[in-house]
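Read the structure below first, then the notes.
The values are calculated or read from the model by the stated rules, or taken from the named source; none is laboratory data. Keep in mind it's a predicted model, so treat the numbers as computed, not measured. Here the Cβ is made from the backbone with ideal geometry for all residues, glycine too, and neighbour counts use every protein chain on show. Heads up: the accessible areas ignore ligands, DNA and RNA and are worked out on the full protein's heavy atoms, side chains in. Shrake-Rupley method; radii C 1.70, N 1.55, O 1.52, S 1.80 Å.
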Amino acid sequence: MARQYFGTDGIRGRVNKRPMTAETALRLAIAAARTFAPDGGREVVIGRDTRRSGEMIEAALVAGLTSMGVKPVRLGVVPTPAVALIARETGAALGFMVSASHNKYEDNGLKLFSPEGVKFTDEVEETLEAAMAAAFDGDYAVPAAIAEPEEMTGAGQRYLGRCLETIGKGQDFSKLKIVLDCAHGAGFDVAPEALRRLGARLTVIGAEPDGVNINAGVGSTATGALKAAVLESGADIGIALDGDADRLIVVDETGEEADGDQVMALIAADMHRKRRLKGGGMVATVMSNMGLDEYLRSSGLKLARTKVGDRYVGEHMRQHGFNLGGEQSGHIILSDVSTTGDGLLAGLQVLSVLAARGGKSSEMLRVFTPAPQKLVNIRYSGANPLESDRVKAALAEAESLLGNRGRMVVRKSGTEPLIRVMAEALDEAHMLKALALVADAVKAEA
């Protein structure tokens, strides 16, 4: 079934344009209430990030839920993993996060979490889409059963406490000089407070949200300001969150980025050493570097791969008993604590290792030698270029060229009209040639 609303990570788009409208949020709230709380009387938690349109979308959710006799519990501005955590700990019927993650303020989105704090499967999303189409046709709560919304105070502090519990007693960060970039987003208050409680010498940027500056020149997708601040202050390390704080990017003391694969390898090695790693390895997506696979194998561990999207990573973790997984882009799930990507939680684990070991972060974060890899994003309009014979032939030729010494990953973005073409190989010349074959074909059809 062709989807009208849901993409790779919930519903996302330009505000006041389909699908990201107040009407969509209203339909979704009604459909979700009928699906997960058909008799009413349940609670649903709602969080949001700092973008201006968040309260508008939240208001539509509140209207839909109350009309069905379901009580909305507004958490205010909190990170996405806080919504997942509180949904799980309070027994809510589900949780909503109003956020477009790393996108600019003109966009917004809706992420949903089950009572277990996990993102829904494709099948559940398809059920919700069908229910959304008929949302205005069914019955509503009788007047006496219309619910009253309420505010939950201290939601961010509750989440903060769970994150800090992962850091052993007696460990402090007082010897670490850290720059933290909060992307003017949902982590702008709790993330600095976490590091200050641990004694870090902290410089904070991107922590003055005004409704329109989220992710603007700061955060995980615009790390120039973080790199400059690290170099200027002589910091040991820099951490950048994205707009809803479910993702992080780490910058070492030289101003170089360490991608999510290196961060996951570092955390995996530390958990393995402490006998806390479950499942015999970790889970990542098809985008993760071959070098991560080789590194884990050398330690007697395995790497399981999934489709792109941290919800697919999370599903595989739950089904096969892993407690660490994530994406190269920086969404990292530590499921002993959090059920979704969590930038603050993952950042604390990295800082904990650095605090314990000492030394330079540039050395600590070079866990393995990556295989040459390159990703190209190609914008398209109209038909999906991946369905053309020209692109299919180019992909077959590239895969033949790489053989078993490399791989191609070509996919349509779930959040933007982009084709993502990734090539990876042990031999860089072969990687570049394969990439060019496919990228040129996609561009011709875009």
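Quick notes on this one:
- For the chain, the membrane-span-like helices by this rule, meaning whole DSSP H stretches whose C-alpha atoms cover at least 18 Å of axis and whose Kyte-Doolittle mean is 0.5 or above, are 22-36, 54-67, 343-357, 428-445; this says nothing about an actual membrane.
- Solvent-accessible area per residue for the chain (1.4 angstrom probe, square angstrom): 40 Å²
- Cut-off 13 Å, label 7 Å out along Cα→Cβ of residue 189, residues of the stretch 74-114 by amide N: 75-79
- Each Lys and Arg adds +1 at its Cβ and each Asp and Glu adds -1 at its Cβ; summed about the Cα centre, the chain shows a dipole of about 780 debye.
- Rounded percent of accessible protein surface that carbon and sulfur make up, the stretch 313-439, 1.4 Å probe: 48 percent
- Cα gyration tensor, the stretch 1-158 - rounded (a/c under 1.5), prolate or oblate: rounded
- Carbon plus sulfur fraction of accessible area for the stretch 1-92, probe 1.4 Å, in percent: 46 percent
- Rounded to the nearest 10 square angstrom, residue 190 shows an accessible area of 10 square angstrom against a 1.4 Å probe.
- With a cut-off of 16 Å on the backbone N, no residue of the stretch 91-121 is near the modelled label site 7 Å out from residue 148 along Cα-Cβ.
- Inter-centroid distance (Cα atoms) of the stretch 88-103 relative to the stretch 308-376, Å: 21 Å
- The stretch 138-231: GluC sites (Glu not before Pro) falling in loop per DSSP and having at most 15 other Cβ within 10 Å: 165
- Rolling a 1.4 Å probe over the protein heavy atoms leaves residue 272 with an accessible area of roughly 90 Å².
- Label of the coordinate-derived value, volume of the Cα convex hull per residue in Å³, listed as [x] 138; [y] 284; [z] 189: [x]
- Accessible heavy-atom area order of 339, 369, 24, highest first, probe of 1.4 Å: 369, 339, 24
- Of all stretches in the chain that contain no trypsin sites (Lys or Arg not before Pro) in a DSSP loop with at most 10 other Cβ atoms within 10 Å, the longest one is 276-446.
- Separation of alpha-carbon centers, the stretch 378-442 and the stretch 1-66, rounded to whole Å: 35 Å
- Fluctuation leader among 58, 387, 148 - the chain, Gaussian network, Cα springs under 10 angstrom: 387
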